[in-house]
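Rule-based calculations on the coordinates, nothing more; no lab input. A quick note: this is a predicted structure, and the numbers were derived from the prediction, not measured. All Cβ positions, glycine included, derive from the backbone under ideal geometry; neighbour counts span all protein chains shown.
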Amino acid sequence: MPANNTDVRKKTLLNSVSGSVLTCFIWLLLALISSIVIEIVGMKWWWPDEGVQHSYSMVQYELNQLRNEDDGLIMTHSQRAFAEKMLVLQESALTFTGVERLLQWAKEPVNGGNYSPRAMLRAGYIKSKDYIEASLNIIKVFSLRLAILILSLPLFIFALFIGMTDGIVERDLRRWGGGRESSTHFDIAKACVLPMAMGAWLIYLSLPMSINPAFIIIPFVLLFGLAVRVTTERFKKYF
């Protein structure tokens, strides 16, 4: 019987971890798709004069922030190398999935009729060339920003630790001082923890403009720590 219970717990833990990983992957995929859609819509309605140059400028800004040690992000050499590897991984993924080969094949001239599958593919590529190039540029921007966000995880962990520690202390002071309980504050703060943790990722990955990541990450780190603090402080059960 104990062995069966252990197996059940292991399966439950494995399902929970795999479910969390799948959920994160889905959210990242949605953020990538939304950023590409925003860029394409922007090329049509918001910055038609810039066109594909808008996404190209974003790539150059992200690369300059990454590689310029004097006037860029404050990062160690290992952190910069990690971001570079993310960019290489993105390029390898395009090659592995055949996207790069398909685009190269579509660029080549066609000797057959105008209604052959390859001719129609080439015609479609020519008409949507700018949108395809913009989408590829956004994928590069997404990869670089994702690397920066992964490197920012210690900030969220630090905010979690500080928020929980301060919240536990305040909770004990409130209990011993006869302070009033408030389940409303607890429910609101608890509901804000996950949005504050994921908000920086979704906004920064989908933002259709170049910006220093500190202006997005730092506020969400502070709000995340505050939400954890209030949640811990207003937690009513004994532990």
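For a quick check: sort Phe158, Phe82 by the number of other beta carbons within 10 angstrom, fewest at the front.
Values: Phe158 12, Phe82 15.
The fewest-first ordering by Cβ neighbours comes to Phe158, Phe82.
Compare the peptides 199-205, 21-27, 121-127 by average per-residue count of other Cβ atoms within 10 angstrom and give them in order, highest first.
With the highest mean Cβ count within 10 Å placed first, the list reads 199-205, 121-127, 21-27.
Just check the range 34-106 against the gyration tensor rule for me: Cα atoms, a ≥ b ≥ c as the square roots of the eigenvalues, rounded for a/c under 1.5, and otherwise prolate or oblate depending on whether a/b exceeds b/c.
oblate
Sorted by mean Cβ packing within 10 Å, highest first, what order do the peptides 159-165, 223-229, 89-95 take? Before the final figure, lay out each step's value.
On the way: 159-165: 16.9, 223-229: 22.1, 89-95: 13.7.
Highest to lowest by the protection proxy: 223-229, 159-165, 89-95.
Rank the residues His54, His77 as a footprinting-exposure proxy: fewest other Cβ atoms within 10 Å of their Cβ go first. Each step should come with its number before you reach the end.
Numbers: His54 21, His77 8.
Going from least to most buried by this count: His77, His54.
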